[in-house]
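The values are calculated or read from the model by the stated rules, or taken from the named source; none is laboratory data. Because the structure is a prediction, the values reported are computed rather than measured. With ideal geometry, Cβ positions are generated from the backbone for all residues, glycine too; neighbour counts draw on all protein chains shown. Heavy atoms of the whole protein, side chains included, go into the accessibility calculation; ligands, DNA and RNA do not. Shrake-Rupley method; radii C 1.70, N 1.55, O 1.52, S 1.80 Å.
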Amino acid sequence: WDYQRHCAKWYLVESRRPPLEALREGFRSITPEIQDGLRALQFSGHELMLLCCGSLEPLSARQLKQMLQFTGFPVDSNTPQLLEAFFDEQFESDPQSLNHFFEFVTGLPTVPLMMPEGKGSIVVQCAAGDTNKLPLAHTCFWTLDMPDYCNRDLLHQKMNIVLESFQNSPFLNV
């Protein structure tokens, strides 16, 4: 009988303890503390989804533009202004495209409610060289390498190619 009790305890409790502890620590990292060190554990399903996944509301062009940080562009470059204008023109009519752009650059389908450590801005850096190249995203670093496109039409053409290719990717769970 002792052997069976120990086997049952190991199988039902001890073998599950490490993943459950990891789950508890992860949950604690996103929930606010309350008195006496207790955690708020009584969330509705919607509140828990917001904590873990972020808002499912589409991004606005204003929100996205506030996240952008441009680096390495020449002083006389108008690429930063062209990209911001692209968001205004292109995305105000199609909010879902903003989310696709955000996911293309960050790898996240939504903006997290609580930004990961060191995150919060999308770095758009000047990629020296050929303006025939497409923008290139580095999702781990929330960075977009973008050539210094000289005019609005070229920037729109390249961004539309990137977003259409991304939206039609077989790896997206749309």
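Residues in region 71-89 that are open to solvent by 70 Å² or more (accessible area, probe 1.4 Å), farther than 19 Å from Glu164 by Cβ and assigned to a helix (DSSP H, G or I): Gln81 only.
Scanning region 90-126 for residues that are assigned to a helix (DSSP H, G or I) and either at pLDDT 75 or above or among the basic types (Lys, Arg) (or both) yields a count of 12. Which of the residues that make up region 90-108 are open to solvent by 70 Å² or more (accessible area, probe 1.4 Å) and in contact (Cβ under 8 Å) with a residue 24 or more places away in the chain? If the condition is that a residue be open to solvent by 70 Å² or more (accessible area, probe 1.4 Å) and in contact (Cβ under 8 Å) with a residue 24 or more places away in the chain, then Glu92, Gln96 are the ones that fit. So, in region 36-70, how many residues would count as being open to solvent by 50 Å² or more (accessible area, probe 1.4 Å) and either modelled with pLDDT of 90 or more or within 14 Å of Val124 (Cβ to Cβ) (or both)? Number of matching residues: 4. Looking at region 14-32, is at least one residue part of a strand (DSSP E or B), in contact with a strand residue (DSSP E or B) (Cβ under 8 Å, 6 or more places away or on another chain) and either farther than 28 Å from Cys53 by Cβ or modelled with pLDDT under 85 (or both)? Looking through region 14-32, none of the residues is part of a strand (DSSP E or B), in contact with a strand residue (DSSP E or B) (Cβ under 8 Å, 6 or more places away or on another chain) and either farther than 28 Å from Cys53 by Cβ or modelled with pLDDT under 85 (or both).
So in region 124-142, with the set limited to residues that are over 12 Å from Phe73 (Cα atoms) and of a type in the set (A, V, I, L, M, F, W, C), which one is surrounded by the most Cβ atoms within 10 Å (Cβ to Cβ)? Filtering region 124-142 for residues that are over 12 Å from Phe73 (Cα atoms) and of a type in the set (A, V, I, L, M, F, W, C), the one surrounded by the most Cβ atoms within 10 Å (Cβ to Cβ) comes out as Trp142.
Return the total of residues in region 1-13 being at pLDDT 80 or above and open to solvent by 100 Å² or more (accessible area, probe 1.4 Å). Residues in region 1-13 being at pLDDT 80 or above and open to solvent by 100 Å² or more (accessible area, probe 1.4 Å): 8 in total.
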